[in-house]
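S.K.: The following block contains the structure, expressed as structure tokens.
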Amino acid sequence: MKGPRPRSNPEVLPPAATKLDPSLQRLAAPASLGLPTKTEQVRIQSLRPLSLKDVENLAEVNNPSLKAIASQVDQAQSELRAQLAAWYPTLNLSASSLPGYTNGDQRSTNPQTSSLTGQAIGTQYSSTNRWLMASALTAQWDLINPQRVPQVSAARDQFEKAKNQYLISLRELRLQAAQAYFQLQLSDDRVRIGQESVRASLVSLRDAKARNQAGVATLLEVLQAETQLARDQQLLTNALNDQSLARRDLARILDLPQTVTPTAKEPLRPLGIWLPSLQESIVAAYAFREELDNAILDISASNSQANAALGSVQPFVSLFASLTGSRYQGSEQVVVDLPGNSGWAVENSFGLSVRWNIFDGGAARAQYRQGKQKAQESAFRFADTRDNVRFEVEQSFYSLGRSNRNIQTTSREVVSARESLRLSRLRFQAGVSTQREVVDSQRDLTQAEVRYAEALELYNRNLAELRRRTGLDQVALCPAVNLPANKPKQDVEVPVPPEPLQPACQANAIPKPNPS
């Protein structure tokens with residue numbers, strides 16, 4: 001009924017790092033119960049560039065959620081050891097008096113006569129003055145315990161499930177850290193695109209104003225250039241906000257010190273090419289995912305709990321041995337005229353005891369059926385998990401193909417839009433085009449670059465998901481890009497002047513009413 005019990009295999013996944021690299025020692029997690037109380041303790045004092053490898057190392061060592069899951073594994077192991085103790089005898093020592101002292105006087109008057117002597121009983125006096133020391137040593141060993149085996153089996157299943165859950169959490173943490181890093185890279189690219197757009201808008205606005213002053217352009221073209229500049233400035237503002245949030249989100253996952261903010265050291269580039277086919281990925285996921293093993297462990301644990309419930313109405317046979325000793329000094333309930341006495345006593349007993357709950361109103365049988373029903377529920381959940389595992393692999397695989405195609409199309413779009421903007425500027429400077437054409441070409445270039453960056457980020461995200469969901473690492477690395485030693489010169493160098501941040505109530509775009 002229970003089937004084979006799967007065991008967690010940490011060899012299928014590199015274990016979590018236990019210490020930071022020497023270059024990351026200053027980024028150790030703060031104290032778990034530490035709470036900043038001053039503004040200096042939370043003010044950002046340094047920006048730390050990190051690579052994807054550094055992010056994984058910091059997440060595995062610092063993340064508090066992973067540490068909590070590791071603590072749950074230790075708790076499950078302690079529970080298993082507690083259940084294994086049922087196979088060993090128990091030894092108890094008790095002392096009723098260690099020591100005990102009793103003192104008291106009693107006076108009784110009885111006017112009746114004795115039936116034997118015919119004389120009056122009269123008044124009697126008795127006194128108690130006694131020291132007593134008594135202890136008992138009891139040993140018991142269950143020879144037959146119907147609940148012992150299923151309870152140990154259930155605890156062992158829970159321990160294996162806890163280890164599997166740790167592996168699952170470790171993989172999810174690595175995926176979450178990688179996705180947060182990719183999001184940070186995307187936000188950095190958006191900031192770069194926003195800065196280039198603002199720079200290009202300033203060039204267009206400068207040309208439009210110059211042509212307007214020369215009398216070859218209208219005020220409408222200047223206004224169009226100013227409108228595009230405002231749009232690009234808004235794009236840059238949003239990108240800077242997303243960048244700040246992405247950095248702090250990554251810092252939260254890595255549990256960095258309160259005064260450090262991470263930045264992306266590596267640019268946004270494709271990580272590689274996925275080599276396995278869809279069918280190979282699905283089969284590998286079925287053999288790799290501990291979620292399926294946990295469903296089987298739930299079935300095994302439910303069957304064990306059902307057997308333990310049924311064992312509560314079966315006979316229990318125990319072997320016991322008891323050793324009792326006492327020592328007393330003094331008198332107890334004696335006439336005051338008699339002298340006190342003293343003595344000691346030792347008693348030893350052993351044998352077999354049987355306990356059998358013959359009838360419990362059907363509670364054990366009902367709990368047995370409940371355990372079997374839970375096992376059936378776990379079987380249904382296994383089927384549901386199996387279907388979800390395949391769908392997740394297919395979803396990531398198809399999304400990876402879509403992202404790959406989007407990278408190709410958006411890259412061509414960027415090249416075309418960049419050339420179109422160059423030609424539009426030349427036409428505008430020659431006087432055969434309008435500012436509207438330049439503005440449209442510039443907006444098309446900005447949107448194309450944003451879509452290209454988003455396609456790259458989504459491609460890397462899907463690739464990381466396939467690694468997580470299949471356990472495969474068959475990824476062909478992309479060839480290194482040959483970059484020039486010197487920074488390429490831009491056609492026009494235009495500084496981006498900083499603007500003071502004004503309150504929102506002062507930025508009023510509503511036209512004032514005409515007094516006339």
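The values are calculated or read from the model by the stated rules, or taken from the named source; none is laboratory data. Remember, predicted model here, so these are calculated numbers, not experimental data. Every residue, glycine among them, receives a Cβ derived from its backbone with ideal geometry; neighbour counts consider all protein chains shown.
S.K.: Could you list, in sequence order, the residues of segment 203-222 that are part of a helix (DSSP H, G or I), closer than 15 Å to PHE428 by Cβ and hydrophobic (A, V, I, L, M, F, W, C)?
M.R.: Answer for segment 203-222, where residues must be part of a helix (DSSP H, G or I), closer than 15 Å to PHE428 by Cβ and hydrophobic (A, V, I, L, M, F, W, C): VAL203, LEU205, ALA208, ALA210, ALA214, LEU220, VAL222.
S.K.: Checking PRO315 against (1) closer than 26 Å to ALA154 by Cβ; (2) within 38 Å of the chain's Cα centre (by Cα); (3) not β-branched (Val, Ile, Thr): exactly one of these is not met. Which one?
M.R.: Status for PRO315: all satisfied but (2).
S.K.: From VAL438, VAL475, VAL414, VAL450, which residue is within 15 Å of SER197 (Cα to Cα) and at pLDDT below 90? First the steps, then the outcome.
M.R.: Values: VAL475 fails: within 15 Å of SER197 (Cα to Cα); VAL414 fails: at pLDDT below 90; VAL450 fails: at pLDDT below 90.
Every option except VAL438 fails the conditions.
S.K.: Next question, about the same structure. Report every pair of residues separated by at least 6 positions or lying on different chains whose Cβ atoms are under 9 Å apart, first residue within segment 97-109 and assigned by TED's automatic domain parsing to the domain that holds GLY325, second of a type in the set (D, E, K, R) and modelled with pLDDT under 65.
M.R.: THR102/GLU332
S.K.: Now for a different question. Here is a list: GLN224, GLN228, GLN234, GLN213. Which entry is more than 24 Å from TYR166 (Cα to Cα) and under 44 Å from the mean Cα position of the chain (by Cα)? Don't jump to the end; show me each part of the working.
M.R.: Details: GLN224 fails: under 44 Å from the mean Cα position of the chain (by Cα); GLN228 fails: under 44 Å from the mean Cα position of the chain (by Cα); GLN213 fails: under 44 Å from the mean Cα position of the chain (by Cα).
Answer to the selection: GLN234.
S.K.: So, one more: Evaluate the following for ARG425: is it touching a residue at least 24 places away in the same chain (Cβ under 8 Å), in the same structural domain as PRO270 (by TED's automatic domain parsing), crowded, with 17+ Cβ neighbours inside 10 Å and charged (D, E, K, R)?
M.R.: Details: touching a residue at least 24 places away in the same chain (Cβ under 8 Å): yes; in the same structural domain as PRO270 (by TED's automatic domain parsing): yes; crowded, with 17+ Cβ neighbours inside 10 Å: yes; charged (D, E, K, R): yes.
So ARG425 fits the description; yes.
S.K.: For segment 34-87, which residues satisfy the criterion of being assigned to a loop (DSSP other than H, G, I, E, B), surrounded by fewer than 17 Cβ atoms within 10 Å (Cβ to Cβ), in contact (Cβ under 8 Å) with a residue 24 or more places away in the chain and of a type outside the set (Val, Ile, Thr)?
M.R.: In the first step, residues of segment 34-87 are kept if they are assigned to a loop (DSSP other than H, G, I, E, B); the result is 34-38, 42-45, 51, 63.
Now narrow it down to the ones that are surrounded by fewer than 17 Cβ atoms within 10 Å (Cβ to Cβ): 34-38, 42-45, 51.
Right, trim to in contact (Cβ under 8 Å) with a residue 24 or more places away in the chain and you get 36, 42-45, 51.
Scanning segment 34-87 gives PRO36, ARG43, GLN45, SER51.
S.K.: Follow-up. Select from segment 253-284 the residues that are of a type in the set (D, E, K, R) and not in a helix (DSSP H, G or I) and write down the one among them that is nearest to the chain's Cα centre (by Cα).
M.R.: First, the residues of segment 253-284 that are of a type in the set (D, E, K, R): 255, 265-266, 269, 280.
Pick out the ones that are also not in a helix (DSSP H, G or I) and you get 255, 265-266, 269.
Details: ASP255: 12, LYS265: 26, GLU266: 26, ARG269: 28 Å.
Restricting to residues being of a type in the set (D, E, K, R) and not in a helix (DSSP H, G or I), the top hit is ASP255.
S.K.: VAL432: in the same structural domain as ALA284 (by TED's automatic domain parsing), loosely packed, with under 12 Cβ neighbours inside 10 Å, free of Cβ contacts under 8 Å to residues at least 60 places away in the same chain and within 30 Å of LYS209 (Cβ to Cβ), yes or no? Spell out the reasoning first.
M.R.: Values: in the same structural domain as ALA284 (by TED's automatic domain parsing): yes; loosely packed, with under 12 Cβ neighbours inside 10 Å: yes; free of Cβ contacts under 8 Å to residues at least 60 places away in the same chain: yes; within 30 Å of LYS209 (Cβ to Cβ): yes.
It is true that VAL432 is in the same structural domain as ALA284 (by TED's automatic domain parsing), loosely packed, with under 12 Cβ neighbours inside 10 Å, free of Cβ contacts under 8 Å to residues at least 60 places away in the same chain and within 30 Å of LYS209 (Cβ to Cβ).
S.K.: Then there's this: Does any residue of segment 171-186 turn out to be farther than 25 Å from TYR88 by Cβ and at pLDDT below 90?
M.R.: yes
S.K.: Among (1) touching a Lys or Arg at 6+ places or on another chain (Cβ under 8 Å); (2) within 22 Å of SER46 (Cβ to Cβ), which single condition is ARG231 missing?
M.R.: Status for ARG231: all satisfied but (2).
S.K.: Look through segment 348-374, keep the residues that are modelled with pLDDT under 90 and among the aliphatic types (A, V, I, L, M), and return whichever of them is surrounded by the fewest Cβ atoms within 10 Å (Cβ to Cβ).
M.R.: ILE358
S.K.: Return the pair list, or none, for Cβ contacts closer than 7 Å from residues in segment 449-465 that are at positive phi to residues that are among the acidic types (Asp, Glu) and at pLDDT 95 or above, at least 6 apart or on different chains.
M.R.: Going by the 7 Å Cβ cut-off, there are no qualifying pairs.
S.K.: Here is a follow-up. Return the only residue of PHE397, PHE391, PHE380 being assigned by TED's automatic domain parsing to the domain that holds LEU278, in contact with a strand residue (DSSP E or B) (Cβ under 8 Å, 6 or more places away or on another chain), modelled with pLDDT of 90 or more and of a type outside the set (A, V, I, L, M).
M.R.: On the way: PHE391 fails: in contact with a strand residue (DSSP E or B) (Cβ under 8 Å, 6 or more places away or on another chain); PHE380 fails: in contact with a strand residue (DSSP E or B) (Cβ under 8 Å, 6 or more places away or on another chain).
Within the list PHE397, PHE391, PHE380, the selection yields PHE397.
S.K.: Only residues that are surrounded by 10 or more Cβ atoms within 10 Å (Cβ to Cβ) and either in contact (Cβ under 8 Å) with a residue 60 or more places away in the chain or under 25 Å from GLN165 (Cβ atoms) (or both): list them for segment 12-25, please.
M.R.: Step one: of segment 12-25, the residues surrounded by 10 or more Cβ atoms within 10 Å (Cβ to Cβ) are 12-17, 19-21, 24.
Result: VAL12, LEU13, PRO14, PRO15, ALA16, ALA17, LYS19, LEU20.
For every residue, the table says whether it meets (1) among the β-branched types (Val, Ile, Thr); (2) at pLDDT below 90; (3) under 29 Å from the mean Cα position of the chain (by Cα).
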{"position": "THR39", "(1), (2), (3)": "yes, yes, yes"}
{"position": "VAL42", "(1), (2), (3)": "yes, yes, yes"}
{"position": "SER46", "(1), (2), (3)": "no, yes, yes"}
{"position": "SER71", "(1), (2), (3)": "no, no, yes"}
{"position": "ASP74", "(1), (2), (3)": "no, no, yes"}
{"position": "GLY100", "(1), (2), (3)": "no, yes, no"}
{"position": "GLY118", "(1), (2), (3)": "no, yes, no"}
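S.K.: Within the bounds of segment 231-240, is there any residue that is modelled with pLDDT of 90 or more, among the basic types (Lys, Arg) and over 30 Å from ASN406 (Cα atoms)?
M.R.: no
S.K.: For segment 214-223, does any single residue satisfy the condition of being assigned by TED's automatic domain parsing to the domain that holds VAL438, in contact with a Ser or Thr (Cβ under 6 Å, 6 or more places away or on another chain), buried (at least 20 other Cβ atoms within 10 Å of the Cβ) and under 30 Å from ARG436 (Cα atoms)? Walk me through it before giving the result.
M.R.: Let us first name the residues in segment 214-223 that are assigned by TED's automatic domain parsing to the domain that holds VAL438, namely 214-223.
Subset that is in contact with a Ser or Thr (Cβ under 6 Å, 6 or more places away or on another chain): none.
No: zero hits.
S.K.: Could you list, in sequence order, the residues of segment 379-426 that are under 27 Å from SER201 (Cβ atoms), touching a helix residue (DSSP H, G or I) at 6+ places or on another chain (Cβ under 7 Å) and among the charged types (D, E, K, R)?
M.R.: If the condition is that a residue be under 27 Å from SER201 (Cβ atoms), touching a helix residue (DSSP H, G or I) at 6+ places or on another chain (Cβ under 7 Å) and among the charged types (D, E, K, R), then GLU413, ARG418, ARG425 are the ones that fit.
S.K.: Now for a separate question. On the basis of being in contact with a strand residue (DSSP E or B) (Cβ under 7 Å, 6 or more places away or on another chain), on the phi < 0 side of the Ramachandran plot and not basic (Lys, Arg), does SER322 make the cut? Step through it out loud before you land on a result.
M.R.: On the way: in contact with a strand residue (DSSP E or B) (Cβ under 7 Å, 6 or more places away or on another chain): yes; on the phi < 0 side of the Ramachandran plot: yes; not basic (Lys, Arg): yes.
Considered against the rule, which asks whether it is in contact with a strand residue (DSSP E or B) (Cβ under 7 Å, 6 or more places away or on another chain), on the phi < 0 side of the Ramachandran plot and not basic (Lys, Arg), SER322 comes out as yes.
S.K.: Kindly provide the set of residues from segment 343-358 that are aromatic (Phe, Trp, Tyr) and touching a residue at least 24 places away in the same chain (Cβ under 8 Å), ordered by number. Walk me through it before giving the result.
M.R.: Looking only at segment 343-358, we keep the residues that are aromatic (Phe, Trp, Tyr), and these are 344, 350, 356.
The answer is PHE350, TRP356.
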